[in-house]
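Right, one structure below, let's go through it.
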Amino acid sequence: MCKSESIQSVTGTSDAEKSEVISDKVNFDEAIRLAAYGKFNYFIVIISGIVLSAVLLETLSISFVLPVAEKDLNLSTEDKGIVSSVAYAGIIASSHLSGFLADTKGRRLVIMLSLLLSFGCTLISSFVNNFWIFTAMRFFCGFFISGSSATIYAYLAEFHTIKMQSKVIMGAAFVFGVCSMCMPLIAMLIINQEWIFVIDFLNVEYKPWRLFVLSCGSLSLISGLCFVFLPESPKFAFNNGKKEEALNTLRKIYRLNTGRPAEEYKVKEIVVDDKNNESSETDSKDLSLWKRMWNQTAPLFQKIHLKNTLILCSIQFLIFNTSSGFYMFFPEILNRAIEFSNQNPNASCTICEAFYENRNSSIAEVNPSSIIKLEFKTYEYSFILEIIYALGFAVIGILVNRLGKLFIVLFVLLGCGLCGFAISFVSIVNLSIYLYVILLACGLSVNVITGSTLELFPTSLRAMAVSLSLMCGRLGSVFGSLVVGLLLDKYCKYAFLYSGTTLIICCCLIFFIPNISNRRGKKSCDNKEISPI
């Protein structure tokens, strides 16, 4: 029997009552636990999921824009690859800086500013009529949104105990999945409209796809404004010497969660746990910005962390290669395949052959001044994919502590990888489309891997570690988008074979993550988990 269990069995006290008998000097994990779990935590989980959704809408909504804006922006297939990947290039360019700022200046400030600035870039891009200016705005949108895409994981985790972190991350992922279902719905409601507004002084025909771009960016504005009213991570404040600020935040959380006065919160002082003691010298005022950034990054590549850093970065690169890189062409490939299937209902061919047959004739019929629409079934399949993500995140959140991360990640990546191989050979278009949907569901494993990343690195390096691993993931997105853009016209089959191969390689790399097989479903008496917090 664990010590905490034996205390409860002897005294007969509940978790809420145990705060009366516990010393007023506790470590941080215990201080978080005594603040209780309630309304504030639910709100943090929800807003974190909305932030993740804002990042997705800012980066992936372009996939619905490319097929209908190709004549307005004069896009070739290669140009589409550039536009679809340039936001990720922006994320890559700023990931290091945003991770450093989040670890030294604070999680909340970085998240809030990044969301608001990315919305500003999206607003401008919705009025742009020039390919290169549009591309530049998409780059800066990615540059700014990077600050929230990785930092939000650290921000969310630091409001919860070690045991709860994997669950709340998957809870935010579920909210993310539900919100993401809005993207195909918004696209269906807006993009297929037939109105055009001419803005003479900008020399722009404002078409539905432009409103869709702006609508997707509005979530960044809403979530960014929410952070005006949210506190800084108490764990970050504590680690940076602001112990009273951390205590005040925990008192407010206690009041919101329990409905009791903040004065009843029993913790008077948070003490440093020697076993997990963290110190950071990266915030020295005597060092230049670049020197401080180097000091913040270098520990990730020292012997103690090097192996974990390289493995996690490689896995994220390979997963994003398919989940985001191949998603960029998902609506277009589906739209061409569905059009071909409608015109040739009894034809037997692969999805690539259907794409080849329909592509040239469809482009030839386009009138530059007309409104290009997507097939209704394109939205339908996109919506199915988002439902898979929402349900998948919910199921993973429930089972992650029972089955362990290893089983879940292997199940997802192996299944999706085999679908990637099958797409190239299945000669039934509708079945190929469903296999394509499952292939893109490999992104379900990203948050599980990120949960392991949070547990493997200390608070002082956590945001940087997640930023670096997700930066490599975004690099995989760029690489994947460019690969598809180059292969799609002539070597479509090999693009899908490539995606299947990368996911199978991921399955092999998973076994080298030290804590991937840890489970948190059972209480631990000896606290042997690898979780330096």
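The values are calculated or read from the model by the stated rules, or taken from the named source; none is laboratory data. Since this is a predicted model, take the numbers as computed values, not measurements. Heads up, the Cβs are rebuilt from the backbone with ideal geometry, glycines too, and the neighbour counts pull from every protein chain shown. Accessible surface is based on the protein model in full, side chains and every heavy atom, while ligands, DNA and RNA are left aside. Shrake-Rupley method; radii C 1.70, N 1.55, O 1.52, S 1.80 Å.
Structure notes:
- So Ile516, is it over 17 Å from the mean Cα position of the chain (by Cα) and under 16 Å from Ile169 (Cα atoms): yes
- One residue from Val198, Val228 being under 30 Å from Thr104 (Cβ atoms) and outside any helix (DSSP H, G or I): Val228
- Extreme residue, modelled with the lowest pLDDT, among residues of the range 457-477 that are over 15 Å from the mean Cα position of the chain (by Cα) and open to solvent by 10 Å² or more (accessible area, probe 1.4 Å): Ser460
- Ile315 being in contact with a Cys (Cβ under 6 Å, 6 or more places away or on another chain) and either modelled with pLDDT of 90 or more or in a helix (DSSP H, G or I) (or both): yes
- Of the residues examined, Asn192 is not one that is of a type in the set (S, T, N, Q), surrounded by fewer than 23 Cβ atoms within 10 Å (Cβ to Cβ) and closer than 30 Å to Val448 by Cβ.
- Residue in the range 128-136 that is within 22 Å of Val228 (Cα to Cα), out of contact with any Pro (no Cβ under 9 Å at 6 or more places or on another chain) and small (Gly, Ala, Ser) present: no
- When the range 330-366 is limited to residues that are part of a loop (DSSP other than H, G, I, E, B) and open to solvent by 80 Å² or more (accessible area, probe 1.4 Å), the one that is modelled with the highest pLDDT turns out to be Ser348.
- Restricting attention to the range 428-451, the residues that are open to solvent by less than 30 Å² (accessible area, probe 1.4 Å) and either without any contact (Cβ under 8 Å) to a residue 24 or more places away in the chain or touching a Pro at 6+ places or on another chain (Cβ under 8 Å) (or both) total 1.
- Candidates in the range 85-128 are the residues that are over 17 Å from the mean Cα position of the chain (by Cα) and of a type in the set (Ser, Thr, Tyr); of these, the one that is farthest from Phe479 (Cα to Cα) is Thr104.
Each row is one residue, and each column tells you yes or no for (1) more than 19 Å from the chain's Cα centre (by Cα); (2) part of a helix (DSSP H, G or I).
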| site | (1), (2) |
| --- | --- |
| Phe143 | no, yes |
| Gly147 | no, yes |
| Tyr155 | no, yes |
| Ile190 | yes, yes |
| Gln193 | yes, no |
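- Count - residues of the range 110-134 that are within 20 Å of Leu56 (Cα to Cα) and either among the small types (Gly, Ala, Ser) or open to solvent by 10 Å² or more (accessible area, probe 1.4 Å) (or both): 14
- For the range 389-427, the set of residues classified as open to solvent by 60 Å² or more (accessible area, probe 1.4 Å), within 25 Å of Ala495 (Cα to Cα) and either in a helix (DSSP H, G or I) or at pLDDT below 85 (or both) consists of Phe411, Leu414, Leu418, Phe421, listed by residue number.
- Some residue of the range 167-187 being at pLDDT below 85, small (Gly, Ala, Ser), outside any loop (DSSP other than H, G, I, E, B) and in contact with a Lys or Arg (Cβ under 9 Å, 6 or more places away or on another chain): no
- Criterion applied to Leu230, Leu202, Leu250 was being open to solvent by 20 Å² or more (accessible area, probe 1.4 Å) and touching a residue at least 40 places away in the same chain (Cβ under 8 Å), and the one residue passing it is Leu202.
Yes or no, residue by residue, for (1) of a type outside the set (S, T, N, Q); (2) at pLDDT below 80; (3) under 24 Å from the mean Cα position of the chain (by Cα); (4) not in a helix (DSSP H, G or I):
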position: Gln8; (1), (2), (3), (4): no, yes, no, no
position: Glu17; (1), (2), (3), (4): yes, yes, no, no
position: Glu20; (1), (2), (3), (4): yes, yes, no, yes
position: Ser23; (1), (2), (3), (4): no, yes, no, yes
position: Phe40; (1), (2), (3), (4): yes, no, yes, no
position: Val45; (1), (2), (3), (4): yes, no, yes, no
position: Leu56; (1), (2), (3), (4): yes, no, yes, no
position: Lys80; (1), (2), (3), (4): yes, yes, yes, no
position: Val83; (1), (2), (3), (4): yes, no, yes, no
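- For the condition open to solvent by 10 Å² or more (accessible area, probe 1.4 Å) and either aliphatic (A, V, I, L, M) or modelled with pLDDT under 90 (or both), Leu156 does not qualify.
- Selected residue (criterion: least open to solvent (accessible area, probe 1.4 Å)) from residues of the range 56-78 that are among the charged types (D, E, K, R) and farther than 30 Å from Leu444 by Cα: Glu70
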